[in-house]
Each structure stands twice: as C-alpha cells, then as structure tokens.
1. For the range 394-420, give me the residue count where each residue is in a loop (DSSP other than H, G, I, E, B) and touching a Lys or Arg at 6+ places or on another chain (Cβ under 6 Å).
2. Would you mention how many residues in the range 23-43 are touching a residue at least 40 places away in the same chain (Cβ under 8 Å) and open to solvent by 30 Å² or more (accessible area, probe 1.4 Å)?
3. Name the one entry in Asn250, Asn270 that is within 18 Å of Ile218 (Cβ to Cβ), open to solvent by 10 Å² or more (accessible area, probe 1.4 Å) and of a type outside the set (Asp, Glu).
4. Report, by residue number, each residue of the range 162-181 that is away from the ligand (no atom under 14 Å from the Cβ) and surrounded by fewer than 20 Cβ atoms within 10 Å (Cβ to Cβ).
5. Phe195 - would you say it is within 12 Å of the ligand (Cβ to nearest atom) and at pLDDT 95 or above?
6. Filter the range 19-29 down to residues that are in contact with an Asp or Glu (Cβ under 8 Å, 6 or more places away or on another chain) and in a helix (DSSP H, G or I), then give me how many there are.
7. Residue check: is Gly192 open to solvent by less than 10 Å² (accessible area, probe 1.4 Å), out of contact with any His (no Cβ under 9 Å at 6 or more places or on another chain) and of a type in the set (Gly, Ala, Ser)?
8. When you look at Asp126, is it surrounded by fewer than 20 Cβ atoms within 10 Å (Cβ to Cβ), more than 20 Å from the chain's Cα centre (by Cα) and at pLDDT below 95, yes or no?
Amino acid sequence: MGNFIFAGCDTVELAKKYGTPLYVISEDFIIERCREIREDFLEKYSNTMAVYASKAFLTKEMARIIKREGLGMDVVSGGELYTAMEVDFAMDKIVFHGNNKSIDEIEMAVKNGVGRIVVDNIRELDLIESIASKYQKRVGIQFRICPGVDVHTHKYIQTGQLDSKFGIPLADNTIKKAVKKALDCKYIKLLGFHFHIGSQIHENHGYSLAVRKVVSLIKELKDEYGFITRELNTGGGYAIGYKDEEDRKNLSYYTDAIMNTLEQECSKHNLHRPLVIIEPGRWIVGEAGITLYTIGAIKEIPGIRTYVSVDGGMTDNPRPSLYEAKYEAFVANKYEEKAVKKVTVAGKCCESGDILIRDLKVPQIEPGDILAVLATGAYNYSMASNYNRIPRPAVVMISKGKDRLIVRRESYEDLLRNEI
Ligand code: LLP
C-alpha cells in the first residue's frame, strides 16, 4: 500500500486507531540500545554502572522496561522519583540530580533509600546531613563538579562550561572545601564525583578532557586528605541522528574514550580506577520514537512559501522553537510517492514561532494526510505542555510489531482537574 511502516506497524493504521497527534515508541529499539550498553560497556569494563536519564522520556511503562533491562535510573525531581517508586524500581539504583532540590525532595530521597544523591552545592550538603540525621540513615553522595569544558552543541544544552548554573566549579577551591566538609559529616558518605558536560554532543574529546581534569582533582584529594574516590559519574549527552541515522555514533565511541583516558590517567598517577557511571537519556530513547500528525490547513504564499499545518506543534514538541532543532518527516500515507515540493510544517499554536520543520520535501499533499516526524522519542513527551489548552497526545508502545496504549490522550476534563 506504500504506507510508512515503523517498528513493524503501519503508521496510518495507528493514526486511525488511536487518533493524532500520537507519540509512537518502539520498545524493541529501546531494548536494542540497552543491549548495546550491556555488551559494549557493562560487560566490557568491570566496575561500571549505567543509569537511564529519565528526563528524556518517563512513564511507568518506560520505568518498567528500564528496570527489566537491568539499568539504574537518573531522576531529577520528586515526580520522577515517584514514578520510579510506583513501579518498585530498586532505590539503590537511583541517582538523584538537581541544582535546587527542595527539602521535601531530599526527604523523599533519604526516607526511601535512594542510592546516590548528586550534590550540587554546599547548602544542599547541609540539608542532606540534617535530614539524614533525622532518619538516622547514612546517605551516599557524589559532588557534581563543573569541569569548565565547552562542548559544541546548542548553548541551551551546554552544561560543563564555567558559566553554568550546575555544579561546583573546579576552577577555585570551593570543591576542596566541600569535600572537607562532607568528610566531616556523620550521615554522609562521599562516594565520588559527577560531571555532565552537555547534551547532543557529537565529539568525544570533551569527555576525555573532563576526565583528565577530574583525575587531577582525585589525585590532589588523595594527597591532601587521603580521600579515595570510589565513583566517577560521567553523565550523558551522547548524540543521536535527527536528520540522518549516520549521525548517531556507537556507544563505545564515547565510553571507550572515557574508559581509556581514565585508565591512562589513573595509572599515570598511581590511582585505583573508580567505579564508572554513565547516564544516557536521548541515546536510549530518542530514535525509538516518532510522532504522527494529521495535516489540516495548507496555505500557499506564491513565490514565498507553503505552510502546512498539523494538529499538534510546539505543545508536543517544543524543541524546534527552543533549540532550533531540525527534524526529518514523511507523509506516512504517501511514503513511496515522489517529493514534488518543499513546504514549511507549522503547528497549531497561536505563535509564529510554532514551526516544526522548514523546507520539508513532500509529495502532492492534501488535508487528511498523515505526517510522521522521526526521532521524537526524547524530550518531546517529557517536555510537552498544555499551552493554548491543548491536551497532551496519547503514547503508544510497539513491541514486536504489536501496539499497546501506555498513556491515554488527555481529555478536556483532565485539563480542568485541579481547578477550584
Ligand atoms: N545526566 C544529567 C545530569 C543530565 O542533566 C542530563 C540531561 C543527562 C544525564 C542526559 O542527557 P542526554 O544523554 O539525554 O543528552 N531538553 C534538552 C536536553 C536537556 C538535557 C538535560 N540534561 C533537549 O531537548 O535537547
């Protein structure tokens, strides 16, 4: 019939069955990524751990898949932690991030025995010590350091540079003060350090550079305080292919660089190599997802451009308007037809900036056609909003060619649920 088949399912049939806009996620793809993580990282290198950065895409079903695949999970809020708890995720495999965790969130983490809290500043250290003493629990922490490494990606998703809201800078003595203080805390067990240099990073040298910087810190701390670093958490950020699958590198492109640099630096300084943690989010789920839309209004401005509007937009995918992100798409019901023109795909929000794709090549199109936008698995559903009181789409998971609903489409009643 020439329809676009995704993960073994006819996308036009999915659109008919569940309506649009619709997020469709391939479980097989996620499982395949987890297998690559096991084979090329966890089994290749001893004393390693992989946690999924759940901010990329989190539902209870996703948490169950990650749990089944044996990975840990990185959470950054009480809400993400709550989702993990609802599926009985092992709390010792949770890594809790955030540059401004609330007292309630810290209490929730301590009470439930979260394995590692990644501490972003000294105030947080004080809060954890007092909450942990209340519960008489010893809490494992890592300090998030800001390594002062600039990577080439959109500036909104760079995080390792000195001028960042995240982490304790390496550039001055603050980190040493923080370590000294942590070592004096009765209820805190300092396990090591964490860095996350950014997201959608195509090059591995930023990771190697950050590792070198942290190892000199590790060495200084050993010499000055006799402190042995047991863990090094190297964050996530591995790039995927949005327009072209070739852009996605194998996991080992990043992890081999991290591990080789670390082994070299540790042996140079005569240090024991710490446990290494990685935290990929987008790389696991980004290309696993697509979004289906129905095409509506088509506005042709002769000599200028043709706007093709879909029934979603920046509410289900804010990435083009936030980061000028580029996407690939197909007319799902005309997948095998030849492209005859270029159009601009617009969303339905009351915003001129609500443009999903510029200059997309399409066949002859008409209202009612189905548009499939690729690689929307990460930071789409998780960043969706109700702007213009538009309900969030449903999420369908595909496994071995079979579809199942994992999140219902929001209703108008859902929009008013908390109103008084
Ligand atoms: N670890 C930490 C501490 C992080 O802050 C992040 C992402 C990750 C891991 C996972 O990064 P990934 O492997 O997914 O690149 N909304 C933006 C991305 C923000 C990323 C925030 N932190 C986007 O849509 O591009």
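1. 1
2. Here is the first cut: in the range 23-43, the ones touching a residue at least 40 places away in the same chain (Cβ under 8 Å) are 23-30, 33-34, 36-37, 40-41.
Next, from what is left, pick out any that are open to solvent by 30 Å² or more (accessible area, probe 1.4 Å): 28-29, 40.
Count: 3.
3. Numbers: Asn250 fails: within 18 Å of Ile218 (Cβ to Cβ).
None of the others qualify; the one that does is Asn270.
4. Listed by number, the residues that qualify are Leu162, Asp163, Pro169, Ala171, Asp172, Asn173, Thr174, Lys176, Lys177, Ala178, Lys180, Lys181.
5. Details: within 12 Å of the ligand (Cβ to nearest atom): yes; at pLDDT 95 or above: yes.
Yes.
6. Final tally of qualifying residues: 1.
7. Details: open to solvent by less than 10 Å² (accessible area, probe 1.4 Å): yes; out of contact with any His (no Cβ under 9 Å at 6 or more places or on another chain): yes; of a type in the set (Gly, Ala, Ser): yes.
When the stated conditions are applied, Gly192 passes them.
8. Numbers: surrounded by fewer than 20 Cβ atoms within 10 Å (Cβ to Cβ): yes; more than 20 Å from the chain's Cα centre (by Cα): yes; at pLDDT below 95: no.
No: the conditions fail for Asp126.
The values are calculated or read from the model by the stated rules, or taken from the named source; none is laboratory data. What you are looking at is a predicted structure, and each value in this text was computed from that prediction instead of being measured. Cβ coordinates were reconstructed from backbone atoms using ideal geometry, including for glycine residues, and neighbour counts include every protein chain displayed. To get the accessible areas, we keep the full protein, side chains included, count just its heavy atoms, and leave off ligands, DNA and RNA. Shrake-Rupley method; radii C 1.70, N 1.55, O 1.52, S 1.80 Å.
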